């Protein structure tokens, strides 16, 4: 019975979705896309293609690296706020408040221009092995995006840790698990599962924050589009392409998170 | 610290002017966004099939494309369209003031997010309340004014408050197109005096103060909107 229902559902959903007015709207949308392909200037595309692919790759790299680093910072931040002693919870809360209360662009410029102008004054920094890296832009971009993600996600993880039912942790203790095992097997897993839908949205927001690094001379896809605009004086075409690229990456992120969510059984006490 | 003084050798007065511009843009963008959001939510909930789909396209596109890219597209497209319209009516082209452009651009972005917030809030009203109002013979506009608006406010205010905080921080992005708001002014001042750290820290403190102050006000508004409702803590809703 239930299998039969499952069989019918997708078909009906498809016919429900493809109503006449929607077909007309899709046709209009396709017409706009075709018109923009044929009426606008795209002759620069082959020439800039390698640069654009490199830019897209750098955007995705930045997104993945800062999200992974950020979430690994956010877990201790959230734990400190949810269950830590006051001397740990207070600084964690202050960090989250400051990150969430100031614009990311300002944080980025503070780190890049501020630290960048402070560092050369200290000879021991100039002599250290890190100096070749500190003179480039990307460490500052990665650092500020990571801190921003950690600040927002720390708050999310605080709620997620606090939301795990007490009975689960008590049951784990009754099984004789050590505190670390409880954290690894029960607390962290359930908290991450609770936070997953929010994390999907936050990761899309993080993607939308990555073009800011173009303002400190990192060459991501946004910077490539800006360069095309400056080189050739075409105003809209690179921006439209940019919007399409970001929408595609957003779609991929949403799809991946949906897969991830579907892998975990959804019954939590 | 002398650099931050309000008198001419210091640049405090520039920062203050930039801050006022930022607040003005944020307030304007929130108001424009609310108007667009009401229209969008109306279309999505009560509109015909075409209006509903168009609202869906609007919110999906705006929420998937980075604000920075949207700001550039809307900024240039808006200026272009306005100048073309002016030329069609025989006026010379004008420069749009930065604050007005910022309000328009951020308003369109905020509109998409407020659409979703308001739609969710209206859906959260128990259906029976609106049916009861209809049974009393109230006209649709009276239902809107007396039942829907006050009943949805407690659900909408947390989301709208979040949007206000996002709006205050998104004004910083307008520095990219050269609008004279706090971040842009700070960068100019920092570049002129080479005191990058001092100025960016000061601007950060101003933004943080605005956020914390807004948080306090929002708490009061929320308590006012929830008056007469059971408190959230402990209530299993």
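The values are calculated or read from the model by the stated rules, or taken from the named source; none is laboratory data. Since this is a predicted model, take the numbers as computed values, not measurements. Positions of Cβ are generated from backbone atoms using ideal geometry, with glycine treated the same way; all protein chains shown enter the neighbour counts.
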Unique residue being on the phi < 0 side of the Ramachandran plot, over 19 Å from the mean Cα position of the chain (by Cα) and away from chain B (no Cβ under 14 Å) when the list is A:110, A:134, A:115: A:134
Any hit, segment A:204-217, residues being assigned to a helix (DSSP H, G or I) and more than 14 Å from chain B (Cβ to nearest Cβ): no
Residues that are at the interface with chain A (Cβ under 9 Å from one of its Cβ atoms) and either buried (at least 21 other Cβ atoms within 10 Å of the Cβ) or modelled with pLDDT under 90 (or both), drawn from segment B:188-203: B:190, B:191, B:194, B:195, B:196, B:197, B:198, B:199, B:200, B:203
Test: residue B:206 is farther than 20 Å from residue B:33 by Cα, more than 8 Å from every other protein chain (Cβ to nearest Cβ), in contact (Cβ under 8 Å) with a residue 24 or more places away in the chain and assigned to a helix (DSSP H, G or I): yes
Selection count, segment A:210-223, where residues are surrounded by fewer than 23 Cβ atoms within 10 Å (Cβ to Cβ) and within 23 Å of residue A:251 (Cβ to Cβ): 1
Any helices (runs of 4 or more DSSP H) falling wholly within segment A:130-174 and containing at least 2 residues that are buried (at least 22 other Cβ atoms within 10 Å of the Cβ): A:138-163
First in segment A:24-42 and more than 14 Å from chain B (Cβ to nearest Cβ), second anywhere and surrounded by 11 or more Cβ atoms within 10 Å (Cβ to Cβ) and in a helix (DSSP H, G or I), Cβ under 7 Å, 6 or more apart: A:41/A:237; A:42/A:237
Test: residue in segment B:224-236 that is outside any loop (DSSP other than H, G, I, E, B), touching a residue at least 40 places away in the same chain (Cβ under 8 Å) and more than 9 Å from chain A (Cβ to nearest Cβ): yes
Condition broken by residue A:53, with the remaining ones in (1) at pLDDT 85 or above; (2) under 30 Å from residue A:199 (Cβ atoms); (3) within 14 Å of another protein chain (Cβ to nearest Cβ) satisfied: (3)
Any helices (runs of 4 or more DSSP H) falling wholly within segment B:1-90 and containing at least 1 residues that are within 27 Å of residue A:22 (Cβ to Cβ) and more than 14 Å from chain A (Cβ to nearest Cβ): B:12-46
Given (1) free of Cβ contacts under 8 Å to residues at least 12 places away in the same chain; (2) more than 10 Å from chain B (Cβ to nearest Cβ), index of the condition residue A:140 fails: (1)
Extreme residue, farthest from residue A:146 (Cα to Cα), among residues of segment A:61-84 that are surrounded by fewer than 17 Cβ atoms within 10 Å (Cβ to Cβ) and either touching a strand residue (DSSP E or B) at 6+ places or on another chain (Cβ under 6 Å) or touching a residue at least 60 places away in the same chain (Cβ under 8 Å) (or both): A:83
Residue match in segment A:187-195 (condition: more than 14 Å from every other protein chain (Cβ to nearest Cβ), under 21 Å from the mean Cα position of the chain (by Cα), touching a residue at least 12 places away in the same chain (Cβ under 8 Å) and not in a helix (DSSP H, G or I)): no
Test for residue A:207: is it surrounded by fewer than 18 Cβ atoms within 10 Å (Cβ to Cβ) and either in contact (Cβ under 8 Å) with a residue 12 or more places away in the chain or more than 27 Å from residue B:176 (Cα to Cα) (or both): no
Members of segment B:135-187 found to be part of a loop (DSSP other than H, G, I, E, B) and within 12 Å of chain A (Cβ to nearest Cβ), listed by number: B:181
Residue within segment A:220-235 that is closer than 27 Å to residue A:47 by Cα, under 14 Å from the mean Cα position of the chain (by Cα) and touching a residue at least 12 places away in the same chain (Cβ under 8 Å) present: no
Residue among B:159, B:191 that is free of Cβ contacts under 8 Å to residues at least 60 places away in the same chain and within 20 Å of residue B:25 (Cα to Cα): B:159
Number of the condition not met by residue B:55 [criteria: (1) at pLDDT below 90; (2) more than 16 Å from the chain's Cα centre (by Cα)]: (1)
Qualifying residue in segment A:245-266 (condition: within 12 Å of chain B (Cβ to nearest Cβ), out of contact with any strand residue (DSSP E or B) (no Cβ under 6 Å at 6 or more places or on another chain) and not in a helix (DSSP H, G or I)): no
Test for residue A:87: is it closer than 30 Å to residue A:232 by Cβ, assigned by TED's automatic domain parsing to the domain that holds residue A:166, out of contact with any helix residue (DSSP H, G or I) (no Cβ under 6 Å at 6 or more places or on another chain) and free of Cβ contacts under 8 Å to residues at least 60 places away in the same chain: no
